[in-house]
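For reference, the structure is listed below as structure tokens.
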Amino acid sequence: MRRSNFAGLAGIAIVMATTTGCGRLEGPGEISGKAVPAKVVAERATAQNAAVQKLTPDAEARPEKQILFGDLHVHTTFSADAFLMSLPILYGEGAHPPADACDFARFCSGLDFWSINDHSEAISPKHWRETKESIRQCNAINTDARNPDVVAFLGWEWTQVGQTPEDHYGHKNVILRETADDRVPTRPISALSPRLVGALRQPPPLRQRIMMPLLDFAHRQRYWDFGAFVEELADTPICPSGVDVRELPDSCTEVALSPDLLFEKLNQWGYDSMVIPHGTTWGLYTPPGTTLDKQLAGKMHDPARQTLFEIYSGHGNSEEYRDWRAIEWGADGDPICPAPTKNYEPCCWRAGEIIRKRCLDANGGDCDRRAQQAQVNFLRAGVMGRMTVPGTEVSDWLNCGQCADCFNPAYNYRPGNSGQYALAISNFDDPANPRRFRFGFIASSDNHSARPGTGYKEYDRQDMTEAAGARDASWRERLAPPQAPTFEEVGFDPNNPGVPAFVALDFERQASFFMTGGLVAVHSAGRDRDAIWDAMQRKEVFGTSGERILLWFDLLNGPAGEAPMGSEVAIEGAPRFRVRAVGSFKQKPGCPEHSVAALDQERLEALCRGECYNPSDERHRITRIEVVRIRPQQSKDEPVAGLIEDPWKRFECGPDPAGCAVEFEDPDFTGEREYIYYARAIQEPTPAVNAGGLRCTYDDKGECVSVNPCYGDYRTAPTDDCLSPNEERAWSSPLFVTRAGA
């Protein structure tokens with residue numbers, strides 16, 4: 001019997017090995033719905049106008065522009081990581097191509113605009129052609145070019161990852177104004193480093209190609225399709241370097257390994273585009289000690305294209321600065337593990353404590369030395385430090401690496417890459433003309449299942465966030481074989497090509513930090529593409545944590561009158577400001593009639609998961625308004641922490657659901673330096689997916705002593721949305737104010 005079973009398995013393996021060529025290349029899908037009825041679009045504007053009239057009875061003081069909501073960070077399964085997350089072994093739903101994103105934006109999330117941003121490192125020439133055509137088809141559904149229901153922008157994500165703080169620049173979304181073939185780059189521009197070439201463009205080993213479909217035979221086609229995806233990338237050559245973009249072949253992958261080269265290539269193309277840094281504080285791939293300083297130097301920053309900054313997404317918040325560190329450096333250049341502070345414990349410190357406890361429990365001897373060495377080993381391994389402490393579970397690391405007093409912080413928070421730090425630093429390579437970032441603030445989703453604007457309701461954590469993991473214990477063991485715990489000091493080379501990233505990086509722990517995503521809002525003079533683009537260019541934009549909060553932030557005494565958020569203004573006297581905010585609509589269950597009429601029940605369930613943006617007539621209450629003041633550095637050594645006042649002012653709001661409005665001035669404003677101000681509108685607490693993070697239990701000293709993680713795999717039930725109270729909010733773009741004539 002045993003021999004018969006072996007023969008049968010061998011026969012199946014041979015069949016699998018000879019049918020790995022059965023993979024099919026995933027297409028762009030088909031857009032199902034038609035345009036949102038003009039009446040529905042008009043009703044949205046009417047509801048917003050009614051809110052403005054209640055908040056501002058004086059007709060002359062009312063804002064004239066309409067607020068439109070969108071998502072400028074959307075992935076489909078044309079992205080390699082999205083394809084991986086779609087596999088059945090990771091609870092994946094299967095293919096979600098570009099057409100799904102179009103239908104979702106129209107009928108599930110009810111957005112006004114969105115952009116596609118698949119990872120350029122894994123976009124083949126064929127997929128780029130299909131992406132462009134799908135975006136054009138999405139826009140062609142509009143029947144009124146001047147008043148479209150939804151505007152779809154074309155773009156991609158430039159996904160750079162460095163091994164050290166010196167060579168890490170991070171991820172940036174490139175958004176294009178146009179969609180026609182002769183008005184956009186022939187190829188997306190990638191950051192395809194040699195390390196990524198090995199990870200993305202080498203077909204899986206034969207053993208893997210046999211075993212994965214064999215062990216999950218019912219879903220074998222999906223694994224074959226993934227093999228075809230990788231093989232297509234492997235067959236795409238890298239474009240030659242040092243050649244003008246217009247002279248390169250159409251069928252190669254264009255590469256820019258650093259921001260200066262990305263900007264150079266975009267300038268060679270000459271088309272309207274913007275570059276938006278995002279996920280900057282997310283520590284899964286950002287080396288500890290990374291800061292934004294090097295990105296202000298020379299050609300590493302293009303102030304004409306890089307004008308917006310994504311401070312919030314489904315990967316959490318990147319707004320707030322803290323002066324603690326995950327790593328320090330000795331005089332000899334060796335890494336040093338900082339001691340914990342009140343609201344932060346470095347993970348290198350936790351690594352040492354884990355080894356110390358194991359050593360003491362085993363009477364191992366010399367436990368203090370072992371703990372100190374474990375700290376150093378952790379730091380030398382960079383973002384893969386967990387590999388230096390074999391046999392740990394998520395609970396062993398408690399709340400290390402996390403910003404305990406931040407709002408929905410990104411995982412393993414890197415404060416030197418935050419939005420506040422970006423506004424506070426200066427570059428003094430030219431002492432007479434200090435260089436500074438002039439970012440407007442946005443938020444988006446960073447969704448990987450073709451679902452723009454997922455934050456409209458807090459439900460279905462498994463599909464509406466990036467949480468993913470093994471579907472059962474056996475697959476978890478196959479994907480990441482367990483290690484035996486030891487108190488011996490273990491080193492790990494982060495450049496070891498023999499260890500897959502999904503094993504070395506801390507994917508299990510990060511699942512507790514995935515949110516449903518944010519939104520970008522624009523103060524626009526119209527609904528069409530040009531009006532939206534112009535608003536983004538003016539930085540008259542703001543971000544929200546997913547709710548459709550209405551927010552205005554104006555300087556009242558500018559030389560030409562009122563100046564909206566995003567403006568750079570020189571004034572004579574003390575600046576005077578006004579902030580106005582209205583809470584988002586409370587949601588009704590289910591989907592509105594126009595969505596039900598547009599999509600059949602099967603697609604509505606598969607795409608929207610049975611729930612859509614479906615506003616009632618009742619709004620959430622704005623509880624307070626906070627204003628942050630930042631005074632950028634005037635010298636290279638000026639400490640950043642003292643330059644960021646958060647909050648500088650705080651205003652409590654009344655119970656009126658019509659909104660909140662406050663006016664104030666800054667009597668301390670002087671002509672000695674620039675001042676930057678931005679506003680936050682905070683909404684009453686409501687339940688939100690993963691708002692509790694690792695859900696710590698604290699002792700009497702305020703220290704985290706245990707955690708209750710929300711896993712992406714089978715250990716947390718798919719029906720458990722891990723809801724915790726959350727103060728949803730909106731962040732204005734800053735106002736940049738100087739003294740006239742200074």
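Just give me the residues in region 555-577 being surrounded by fewer than 18 Cβ atoms within 10 Å (Cβ to Cβ) and under 30 Å from the mean Cα position of the chain (by Cα), in sequence order. The answer is 568, and nothing else. Scanning region 228-258 for residues that are more than 25 Å from residue 77 (Cα to Cα), hydrophobic (A, V, I, L, M, F, W, C) and touching a Phe, Trp or Tyr at 6+ places or on another chain (Cβ under 7 Å) yields a single hit, 245. The C-beta contact set for region 356-372 (first residue among the polar types (S, T, N, Q) and surrounded by 12 or more Cβ atoms within 10 Å (Cβ to Cβ), second residue part of a helix (DSSP H, G or I) and at pLDDT 95 or above, distance under 8 angstrom, 6+ apart or interchain) comprises 372/352.
Against the definition (of a type outside the set (D, E, K, R) and assigned to a helix (DSSP H, G or I)), how does residue 284 come out, yes or no? Criteria not met by residue 284. Could you go through region 577-594 and let me know if any residue there is outside any loop (DSSP other than H, G, I, E, B) and more than 25 Å from residue 621 (Cα to Cα). Checked region 577-594: at least one residue is outside any loop (DSSP other than H, G, I, E, B) and more than 25 Å from residue 621 (Cα to Cα).
Residue-by-condition table, conditions (1) out of contact with any Cys (no Cβ under 6 Å at 6 or more places or on another chain); (2) within 24 Å of residue 636 (Cα to Cα); (3) surrounded by fewer than 19 Cβ atoms within 10 Å (Cβ to Cβ):
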| site | (1), (2), (3) |
| --- | --- |
| 268 | yes, no, yes |
| 284 | yes, no, yes |
| 290 | yes, yes, no |
| 293 | yes, yes, yes |
| 305 | yes, no, no |
| 309 | yes, yes, no |
| 330 | yes, yes, yes |
| 339 | yes, no, yes |
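Can you tell me which residues in region 214-231 are surrounded by fewer than 16 Cβ atoms within 10 Å (Cβ to Cβ) and either in a loop (DSSP other than H, G, I, E, B) or hydrophobic (A, V, I, L, M, F, W, C) (or both)? Scanning region 214-231 gives 215, 217, 218. All of 443, 450, 422 fail the test of being hydrophobic (A, V, I, L, M, F, W, C), at positive phi and either modelled with pLDDT of 95 or more or surrounded by 21 or more Cβ atoms within 10 Å (Cβ to Cβ) (or both), apart from 450.
Rundown of residues vs (1) at pLDDT 95 or above; (2) touching a Phe, Trp or Tyr at 6+ places or on another chain (Cβ under 9 Å), yes/no style:
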| residue | (1), (2) |
| --- | --- |
| 54 | no, no |
| 57 | no, no |
| 60 | no, no |
| 65 | yes, no |
| 74 | yes, yes |
| 79 | yes, no |
| 85 | no, yes |
| 97 | yes, yes |
| 101 | yes, yes |
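Considering the conditions (1) modelled with pLDDT of 95 or more; (2) surrounded by fewer than 19 Cβ atoms within 10 Å (Cβ to Cβ), residue 690 is excluded by exactly one of them, (2).
So that you can scan it fast, the table gives a plain yes or no per residue for (1) at negative phi; (2) out of contact with any Lys or Arg (no Cβ under 7 Å at 6 or more places or on another chain):
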site: 609; (1), (2): no, yes
site: 616; (1), (2): yes, no
site: 621; (1), (2): yes, yes
site: 629; (1), (2): yes, yes
site: 632; (1), (2): yes, no
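Within region 606-649, the only residue that satisfies the criterion of being polar (S, T, N, Q), assigned to a strand (DSSP E or B) and within 26 Å of residue 733 (Cβ to Cβ) is 623.
Looking across region 270-281 at every residue that is surrounded by fewer than 23 Cβ atoms within 10 Å (Cβ to Cβ) and in a loop (DSSP other than H, G, I, E, B), the one that is nearest to the chain's Cα centre (by Cα) is identified as 272. Sub-8 Å Cβ pairs linking a first residue in region 553-565 that is free of Cβ contacts under 8 Å to residues at least 60 places away in the same chain to a second residue that is polar (S, T, N, Q) and surrounded by 14 or more Cβ atoms within 10 Å (Cβ to Cβ), at least 6 apart or interchain, are 558/567, ordered by first then second residue. Looking at this structure, is residue 458 in contact with a Leu (Cβ under 9 Å, 6 or more places away or on another chain), more than 19 Å from residue 83 (Cβ to Cβ), modelled with pLDDT of 90 or more and surrounded by 15 or more Cβ atoms within 10 Å (Cβ to Cβ)? Spelling it out, residue 458 is indeed in contact with a Leu (Cβ under 9 Å, 6 or more places away or on another chain), more than 19 Å from residue 83 (Cβ to Cβ), modelled with pLDDT of 90 or more and surrounded by 15 or more Cβ atoms within 10 Å (Cβ to Cβ).
Has region 608-624 got any residue that is hydrophobic (A, V, I, L, M, F, W, C), in contact (Cβ under 8 Å) with a residue 12 or more places away in the chain, in contact with a helix residue (DSSP H, G or I) (Cβ under 9 Å, 6 or more places away or on another chain) and more than 26 Å from residue 523 (Cα to Cα)? Looking for residues that are hydrophobic (A, V, I, L, M, F, W, C), in contact (Cβ under 8 Å) with a residue 12 or more places away in the chain, in contact with a helix residue (DSSP H, G or I) (Cβ under 9 Å, 6 or more places away or on another chain) and more than 26 Å from residue 523 (Cα to Cα), one finds at least one in region 608-624, hence yes. Within region 232-262, the set of residues being within 28 Å of the chain's Cα centre (by Cα), surrounded by fewer than 20 Cβ atoms within 10 Å (Cβ to Cβ) and assigned to a helix (DSSP H, G or I) comprises 232, 234, 260, 261.
Residue-wise test of (1) closer than 22 Å to residue 507 by Cβ; (2) of a type outside the set (Ser, Thr, Tyr).
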| position | (1), (2) |
| --- | --- |
| 276 | no, yes |
| 279 | yes, yes |
| 290 | yes, no |
| 296 | no, yes |
| 300 | no, yes |
| 318 | yes, no |
| 321 | no, no |
| 324 | no, yes |
| 330 | no, yes |
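Scanning region 115-158 for residues that are acidic (Asp, Glu), out of contact with any His (no Cβ under 7 Å at 6 or more places or on another chain) and within 22 Å of residue 69 (Cα to Cα) returns 144, 149.
The values are calculated or read from the model by the stated rules, or taken from the named source; none is laboratory data. A quick note: this is a predicted structure, and the numbers were derived from the prediction, not measured. Every residue, glycine as well, gets a Cβ built from its backbone with ideal geometry; the counts of neighbours run over all protein chains shown.
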